[in-house]
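Heads up, the thing below is written out as C-alpha cells.
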Amino acid sequence: DAGVIQSPRHEVTEMGQEVTLRCKPISGHNSLFWYRQTMMRGLELLIYFNNNVPIDDSGMPEDRFSAKMPNASFSTLKIQPSEPRDSAVYFCASSLGAGVPYEQYFGPGTRLTVT
Amino acid sequence: AQSVTQLGSHVSVSEGALVLLRCNYSSSVPPYLFWYVQYPNQGLQLLLKYTSAATLVKGINGFEAEFKKSETSFHLTKPSAHMSDAAEYFCAVSSMNSGYSTLTFGKGTMLLVSP
C-alpha cells in the first residue's frame with residue numbers, strides 16, 4: 001500500500017489567499033484525522049471523520065478552517081482566508097476503525113507558509 | 001480527560017549508550033498507549049503500542065517500553081543508541097469520546113545522538 005498520501009508537500013501563499021490541502025487515506029481505513037503541528041503548540045487534532053462523516057471539529061481553530069470528506073478515498077482541509085499564524089505542518093492520518101484504539105497512520109505532511 | 005506528559009524536550013546520548021525517554025499518562029480508564037517517531041520532514045511512524053496485554057512491549061528498531069500502572073508511566077528504552085535513532089519521539093494515549101477513538105499526543109522529545 002502507498003500509505004497516506006498528502007498534497008501538496010509544500011505550499012507558500014500570501015495572506016488572504018485560499019489554501020486547500022488534500023489527503024488520500026489508506027484503502028480500507030474508515031477513520032481520518034487532520035492535525036496541525038507547530039513548535040509552540042505541538043501536535044493538535046483539528047477534526048476527524050468516521051465513514052466520511054465529521055465526528056468532532058472542536059479542534060478547528062476558526063471559521064476560516066473547513067474540512068470535507070466527499071468519499072472514502074479523499075479529504076480536503078481548506079483555509080480561507082489564510083493568515084501568517086496558520087503557517088504550520090498539516091498532517092492527515094487514517095486508521096482502521098473507530099470504536100477500538102487502532103493505531104493511526106500518518107501522511108508525510110504539508111508544510112504551509114503564509115506570508 | 002486523558003493526557004500525556006513527556007519529561008524533557010531534548011535528550012542527548014552518545015552512540016552506543018542507553019536511550020531512555022520518559023512518558024507519564026493520566027487516564028480515567030485503562031489506557032491504550034503508543035510511541036511514535038518522527039524523522040525530519042516526515043510524518044509520524046508507529047514504534048510500538050500497549051493494548052492491555054503484556055506490560056513490556058517490543059517495537060521496531062530495537063525499542064521497547066514498559067507499562068507501569070502504579071507509576072502511570074510508559075517509558076521508552078533502547079539498550080544501545082545508533083546515529084539513525086536521532087529523531088523526535090511522541091508518546092500518545094488513546095481517548096474514547098462517544099464511541100470514537102482519538103489520540104492525545106505529548107509535546108515530543110527530541111533525541112540527539114552524538115558519535
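The values are calculated or read from the model by the stated rules, or taken from the named source; none is laboratory data. For clarity, every value in this text was computed on a predicted model and none was experimentally measured. Here the Cβ is made from the backbone with ideal geometry for all residues, glycine too, and neighbour counts use every protein chain on show. Heads up: the accessible areas ignore ligands, DNA and RNA and are worked out on the full protein's heavy atoms, side chains in. Shrake-Rupley method; radii C 1.70, N 1.55, O 1.52, S 1.80 Å.
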Of A:E62, A:E44, the only residue that is outside any loop (DSSP other than H, G, I, E, B) and not aromatic (F, W, Y) is A:E44
Inspect segment B:87-100 for any residue being in a strand (DSSP E or B), more than 14 Å from chain A (Cβ to nearest Cβ) and surrounded by fewer than 18 Cβ atoms within 10 Å (Cβ to Cβ) and give the result as yes or no.
-> no
Restricting segment B:74-86 to residues that are within 10 Å of the chain's Cα centre (by Cα) and either open to solvent by less than 10 Å² (accessible area, probe 1.4 Å) or within 19 Å of A:F91 (Cα to Cα) (or both), the residue that is farthest from the other protein chains (Cβ to nearest Cβ) | B:L76
Test set (1) out of contact with any Pro (no Cβ under 8 Å at 6 or more places or on another chain); (2) open to solvent by 20 Å² or more (accessible area, probe 1.4 Å); (3) closer than 17 Å to B:L33 by Cα; (4) not polar (S, T, N, Q) - B:G106 fails condition number | (2)
Are there any pairs, at least 6 apart or on different chains, whose C-beta atoms fall under 7 Å, with the first in segment B:13-34 and closer than 16 Å to B:G106 by Cα and at pLDDT 95 or above and the second open to solvent by 60 Å² or more (accessible area, probe 1.4 Å) and β-branched (V, I, T), and if so, which?
-> B:N24/B:T5
Of the residues in segment A:25-37, those that are within 17 Å of B:Q42 (Cβ to Cβ) and more than 11 Å from chain B (Cβ to nearest Cβ) number 2
Going through segment B:102-115 one residue at a time, which ones are in contact (Cβ under 8 Å) with a residue 60 or more places away in the chain and either within 14 Å of another protein chain (Cβ to nearest Cβ) or assigned to a loop (DSSP other than H, G, I, E, B) (or both)?
-> B:L103, B:T104, B:F105, B:G106, B:K107, B:G108, B:T109, B:M110, B:P115
For segment A:76-111 the number of residues that are closer than 21 Å to B:Q45 by Cα and part of a strand (DSSP E or B) is 12
By residue number, the members of segment A:6-45 that are over 14 Å from A:F106 (Cα atoms), open to solvent by less than 20 Å² (accessible area, probe 1.4 Å), in contact with a Lys or Arg (Cβ under 9 Å, 6 or more places away or on another chain) and in contact (Cβ under 8 Å) with a residue 40 or more places away in the chain are A:V19, A:L21
